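The values are calculated or read from the model by the stated rules, or taken from the named source; none is laboratory data. Note that this is a predicted model, so its numbers are computed, not measured. We place every Cβ from the backbone using ideal geometry, glycine too, and count neighbours over all the protein chains shown.
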Amino acid sequence: MCRRSKAGSGTMNEFALGFSVAALAKGVFVTILITFGASLVAIAFGLVIGLIRVSPRRPLRWFGIAYIEFFRGTSMLVQLYWWFFVLPIFGVTMSPWTVAILGVGMNVSGYGAELVRAAIQGVERGQYEASTALNFPRLVMMRRIILPQAIRAMLPAWGNLLIELLKGTSLIFFITITELTTAAKLAADATGNYLLFFAIALFGYYLIARLLITPIVRWLERRFSRGFVRELPI
Amino acid sequence: MSEPMVRFENVTKRYGALTVLDELNLDIERNEKVSIIGPSGSGKTTVLRMLMTLEKINDGVIWVEGEPMTHEQKNGAMVPASDRHLRRVRGKVGMVFQHFNLFPHMTALQNCMEAPVSVLGLPKGEAEERSAELLDMVGLGDKKGHYPIQLSGGQKQRVAIARALAMRPKVMLFDEVTSALDPELVGEVLNVIRQLGSEHDLTMLMVTHQMGFAKEFSDRVCFFYGGKIAEQGPPDKLFNEPDNERTRQFLSAVLEAG
């Protein structure tokens, strides 16, 4: 009886461990996918809202301010709850994945829009004056002259923001998605090995940031640095 | 006599309580070369910036080739110009700045090509040909692929001149274009301007501290003082026997400084 129970618990542990590792791998995958999708949303919306925020048209500017104030000024988790639990009351029902990507992405885009605005306003006045003197329409000036310079200036801050976004994705646990943190917690609960699984979670986030986000931002920084420095940075 | 290329009619510019230009009246004839001199704060740079529409004016009208630039005529009344009208008239004017304002993320050639392609809608090949020709003309045929950071101040300013010319303006404005240059680089930029003046049909209006160049190059020199033209005339007259006491004082101070 004693032997059987021992053997049983051994099997149980191995089973839990194997199951947990598979779940953990899936959690990593989910976190990466949501981070990727939400980053695209954050970048696209951040750029558009940031541009709107500096528009010469007052109603557009006001819309930009309201957007930023809302998404930056209220809790991300409460926003996710609204998307997931409140909107269905009004007949708008979205899958957890859609909510995760849009909800996290739009929350972060509020901060991103401010980065975009600061970078656009930071481009030297002389660049705007030269563009006026060459008769550029405003949108062409933005696209060809101002944004390429502004993007270079805003990239390091975007690097920070996207790493923040990655870590913020753990909140999607509350809308039923098992991502990295949740998978680590479940695995730790099932096996009792809290040290191991939370160590894995800790390094997991670090590695995703270091291996996926940082290299992309660095690569973009190099790309947009042409002409600003005599030698491209390493 | 034909209508002037540019006419400032009672143009006033104020910054808050400060009146920078006080009812300026100034006609510039086609192909005329006019230099504007004067102490700092006299409003001379503001004249160019208003004509380039970088500053709004508070009163008066600016005319380009007989057409109001700052206003347009609607049902017989003068109303402030729409963006479309402004862009059409502004196309006749080009400007070179004290601090070059080249686009740092583009090569010399791209700096010159960008506006002809994306503003005038020229095919890339044609814009490139035009730009290359102009860079050759300013003596930078071998620097087409260089970024601004790889060029000296004098070279940057010559690219800026080529860039403005690529839009085929009728009026060129030069705003203290040699003031930010090391002394030994001033000559190469002035030579390009000199060559422009002699080989092209261009109306040129320049704010300058290079009295020697203004004297040799201009058809007319305007001395600004306190937001008004205190004295104007042919360079020989203005530099050698000015009528106005202010002009005399300014010239002796400037010439003394070398």
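Observations
- Applying the condition of being within 8 Å of chain A (Cβ to nearest Cβ) and of a type in the set (A, V, I, L, M, F, W, C) to segment B:101-117 and asking which residue is farthest from B:Leu151 (Cα to Cα) yields B:Ala115.
- Checked against the criteria, B:Leu120 does not count as within 14 Å of chain A (Cβ to nearest Cβ), in contact (Cβ under 8 Å) with a residue 40 or more places away in the chain and within 26 Å of B:Ser35 (Cα to Cα).
- Within the set A:Ile151, A:Ile213, the sole residue that is within 14 Å of chain B (Cβ to nearest Cβ) and touching a residue at least 12 places away in the same chain (Cβ under 8 Å) turns out to be A:Ile151.
This table checks each residue for (1) more than 14 Å from chain B (Cβ to nearest Cβ); (2) within 18 Å of A:Gly50 (Cα to Cα); (3) modelled with pLDDT of 95 or more.
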residue: A:Val86; (1), (2), (3): yes, no, yes
residue: A:Gly91; (1), (2), (3): yes, no, no
residue: A:Ala100; (1), (2), (3): yes, no, yes
residue: A:Gly110; (1), (2), (3): yes, yes, yes
residue: A:Leu115; (1), (2), (3): yes, yes, yes
residue: A:Gly122; (1), (2), (3): no, yes, yes
residue: A:Glu129; (1), (2), (3): no, no, yes
residue: A:Leu134; (1), (2), (3): no, no, yes
residue: A:Trp158; (1), (2), (3): yes, yes, yes
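- Residues that are within 11 Å of chain A (Cβ to nearest Cβ) and either assigned to a loop (DSSP other than H, G, I, E, B) or among the hydroxyl-bearing types (Ser, Thr, Tyr) (or both) were ranked within segment B:154-179; the one that is nearest to B:Arg90 (Cα to Cα) is B:Pro169.
- For B:Ile62: the one exception among (1) out of contact with any His (no Cβ under 6 Å at 6 or more places or on another chain); (2) within 14 Å of chain A (Cβ to nearest Cβ); (3) in contact (Cβ under 8 Å) with a residue 24 or more places away in the chain: (2)
- Any hit, segment B:78-94, residues being crowded, with 19+ Cβ neighbours inside 10 Å, within 8 Å of another protein chain (Cβ to nearest Cβ), of a type outside the set (A, V, I, L, M) and assigned to a loop (DSSP other than H, G, I, E, B): no
- Any hit, segment B:205-225, residues being of a type in the set (Phe, Trp, Tyr), under 16 Å from the mean Cα position of the chain (by Cα), within 14 Å of chain A (Cβ to nearest Cβ) and closer than 25 Å to B:Phe250 by Cα: no
- Selection of first residues in segment B:124-153 that are under 21 Å from A:Gln127 (Cα atoms) and away from chain A (no Cβ under 14 Å) and of second residues that are surrounded by fewer than 16 Cβ atoms within 10 Å (Cβ to Cβ) and among the acidic types (Asp, Glu), restricted to Cβ pairs under 7 Å at least 6 apart or on distinct chains, gives the following pairs, ordered by first then second residue: B:Gly153/B:Asp182.
- Residue check, B:Ser198 assigned to a helix (DSSP H, G or I), of a type in the set (Ser, Thr, Tyr) and more than 26 Å from B:Met5 (Cβ to Cβ): no
- Scanning segment A:78-112 for residues that are over 16 Å from A:Leu171 (Cα atoms) and either free of Cβ contacts under 8 Å to residues at least 40 places away in the same chain or surrounded by fewer than 22 Cβ atoms within 10 Å (Cβ to Cβ) (or both) yields A:Val86, A:Leu87, A:Pro88, A:Ile89, A:Phe90, A:Gly91, A:Val92, A:Thr93, A:Met94, A:Tyr111.
- Given (1) within 16 Å of A:Thr178 (Cα to Cα); (2) more than 14 Å from the chain's Cα centre (by Cα), index of the condition A:Arg57 fails: (1)
- Test result for B:Leu18, under 24 Å from B:His209 (Cβ atoms), over 18 Å from the mean Cα position of the chain (by Cα) and free of Cβ contacts under 8 Å to residues at least 60 places away in the same chain: yes
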